[in-house]
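**Student:** Below is the structure I would like to discuss, written out as C-alpha cells.
Bear in mind these aren't lab numbers, they're just calculated from the coordinates by the rules spelled out. In this text the structure is predicted, and so the values were computed from the model without any measurement. Every residue, glycine as well, gets a Cβ built from its backbone with ideal geometry; the counts of neighbours run over all protein chains shown.
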Amino acid sequence: MNRFFSYIDIYLDAPQSLQHLAIREYTKCEGAAVVFYGSEDHLTLPRQLFLRSKLERLKDIDGICFFSFHQFRRGDGVDWDLLKQILSKGWEVHFARERFSVRSLKSLQDAYFFLHAVDFTLRDGTGRGWAKEATGFLAQRDLM
C-alpha cells in the first residue's frame, strides 16, 4: 500500500477536519494511506517553508496529497518549480478537491496546459463544477 503525506490548505474556508477527511477518502481511492499530516503556518505560507523543509526530511512515502491545486498558486502564477521538485523525488502529487493526480514529471508535462486552465478557473472564481468534466477529460488522456 502506498504511503502519502497529507497537506491541508490553511487559506481555504473549508474546515481542516473536512480537508483531512477529503484527503483520506481520496487516498483510499488511490490505494494509499495517509501516514503523515502537515500544513503551513500563516507566516511560512508565502514561500511554503514548512513544506520545503519537509521535502528534505520525509522518508518512506510515495506521494503527497494536497487538498487543492490552489496550494501551488504563488502571486500571479503557479509554483511549477516546487511541483517539479516533489515529482523529481519520485513521489506522486495528488489533489483531493480536484480529484486529480500527477504521477511523474512526464505526466506533469502532459497536463501542463490543463493545469494552467485549472489555475485560471481558481483565480477567476469560475471553477465551480469543473472537476467532473476534468476527470472525464483526464481519464480519456490516461493521466489519472
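**Student:** Does anything in segment 49-66 have its amide N under 15 Å from the 7 Å Cα→Cβ label point of residue 10, and if so which residues?
**Tutor:** Counting backbone N atoms under 15 Å from the label point, the list is 49-54.
**Student:** For segment 1-109, run through the chymotrypsin sites (Phe, Trp or Tyr not before Pro) and keep only the ones in DSSP coil with at most 16 other Cβ atoms within 10 Å of their Cβ.
**Tutor:** 11
**Student:** Something else: Per residue of the chain, what 222 nm ellipticity follows from adding -39500 (n - 2.57) for every DSSP H run with n ≥ 4, rounded to the nearest 500?
**Tutor:** Computed mean residue ellipticity for the chain: -14000 deg cm²/dmol.
**Student:** Here's another thing I want to ask about it. Quote the charge dipole size of segment 2-141 about the Cα centre in Debye, to the nearest 20; the model charges only the Cβ of Lys and Arg (+1) and of Asp and Glu (-1).
**Tutor:** 280
**Student:** I'd like to know which of 107, 46, 71 lies farthest towards the positive end of the charge dipole of the chain, counting +1 on Cβ of Lys and Arg and -1 on Cβ of Asp and Glu.
**Tutor:** With unit charges placed on the Cβ atoms, the residue in question is 107.
**Student:** Could you tell me whether the chain comes out rounded, prolate or oblate from its Cα gyration tensor? Rule is a ≥ b ≥ c as square roots of the eigenvalues, rounded for a/c under 1.5, then prolate if a/b exceeds b/c, otherwise oblate.
**Tutor:** It is rounded, given that a/c, with a ≥ b ≥ c, falls under 1.5.
**Student:** Same structure again: Counting DSSP beta bridges in segment 2-141, what percent are antiparallel, to the nearest 5?
**Tutor:** 25
**Student:** Here is a further query. Take the alpha carbon gyration tensor of segment 64-115, find the square roots of its eigenvalues, order them as a ≥ b ≥ c, and report rounded if a/c is under 1.5; if not, report prolate when a/b exceeds b/c, else oblate.
**Tutor:** Since a/c stays below 1.5, the shape of segment 64-115 is classed as rounded.
**Student:** Suppose R0 equals 30 Å. What FRET efficiency, 1/(1 + (r/R0)^6) with r the Cβ-Cβ distance, do residue 42 and residue 89 give to the nearest 0.05?
**Tutor:** The calculated FRET efficiency here is 0.70.
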